[in-house]
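Take a look at the structure below.
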Amino acid sequence: MKKRNPATIGAFGIIVIILATVAAMSLDSLPIIGAGQVYRAQFTEAAGLKPDNEVRVAGVKVGKVKSVDLDGDRVTVAFQVSDAWLGDQTSASIQIKTILGQKYLSLDPRGSDSLDPSDTIPLERTTAPYDVVEAFSSAADTVDQIDTDQLAQSMQTLSQAFSGTPDDIRASLDGVSRLSQTISSRDQELRRLFDATANTTQILADRNKEFTQLISDGGKLLEELNTRKQAISQLLHGTQRVSEQLSALVQENREQIGPALDQLNQVVGLLNDNLGDIDKAMKLYEPFVRLYTNVVGNGRWFDQVIVNILPPGLPEIPGEREPGRTLGVN
């Protein structure tokens, strides 16, 4: 046996590690794993669709967009689909996922035969949405570039040129002229409005992830409430039964409950009428309890001192400091 070359073994090990790392980073693209088949569709415009956007069938995610490329006057979208059947009449559309303009590719599988991956879904079976956010942004840029003063002057000149025309046409032109003057006088306000709209749109776009998470959490909450629907229904049903039982109990014992409540009302009224006496009795009872506790609180006997039990002038009792005028009782 020949001795192995460490340099050869080390180089081979490094190559194996690099290949394993590349395979792990592109695991979803390996055909061995079964990542899915790649299809293509043509659209008149990309409409904000980007690579890695979701591909859905009936609202369920089945893949993702691989690439969005310009092909002449149209856009070719390559997407990967796994665990979903696509027919030869499948239609595709770009849908808006969130209010902030995030998109996804929606597929509607149709046809009797399977869709051949080499066949591209034509423009006749694809639709692209109208992007409201981009439309507002374009409108803001367009309005910002308009020379409103020049526009107002042009409308004024046009109105003066047609001053000799019939009344109906002249009135229409005067209205257009007043409209242009109004727009010109509000030029700064319009600019601030569109600037604020652009800032708001940018803030919403920056918070797209938070809004998406909020909507996702709301969906989870509704799902949890839906799963708890049976428990909530049982709880309400049990509450209803308890209410019915209590109602029946009150109905059956109305004759006994009525007099008892009347007597209870009388007792409460009596206590309210003697509230002052009860308060006075409690105040007088307090010193009695304190003295009684001092007497019997040291053990199983009475501990008290009786003062002046003997009349003055009697001989002094041995052991007492004063003449027999005090007596301890234990």
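Every number here is computed from the coordinates shown, using simple stated rules; none is lab data. Quantities reported herein were computed from a predicted structural model and do not represent experimental measurements. Quick reminder, even Gly has a Cβ in these numbers, built from the backbone with ideal geometry, and neighbours come from all protein chains shown.
As a ratio to 2.2 N^0.38 Å, the alpha-carbon radius of gyration for region 35-78 is 1.16.
Highest average first, the peptides 55-67, 213-225 ordered by how many other beta carbon atoms sit within 10 Å of their residues are 55-67, 213-225. Taking 18 Å as the straight-line reach from the Cα of residue 103, the lysines in range (excluding those fewer than 8 positions away in the same chain) are 50, 61, 64, 66, 209. With a Förster radius of 41 Å applied to the beta-carbon distance between residue 205 and residue 88, the computed FRET efficiency rounds to 0.60. Between residue 220 and residue 273, the simple spin-label model (points 7 angstrom out along Cα→Cβ) gives 6.6 nm.
Modelled spin labels at residue 125 and residue 78, positioned 7 Å past Cα toward Cβ, are 2.0 nm from each other. Inter-label distance, residue 250 to residue 285: 3.5 nm, where each label sits 7 Å from its Cα along the C-beta direction.
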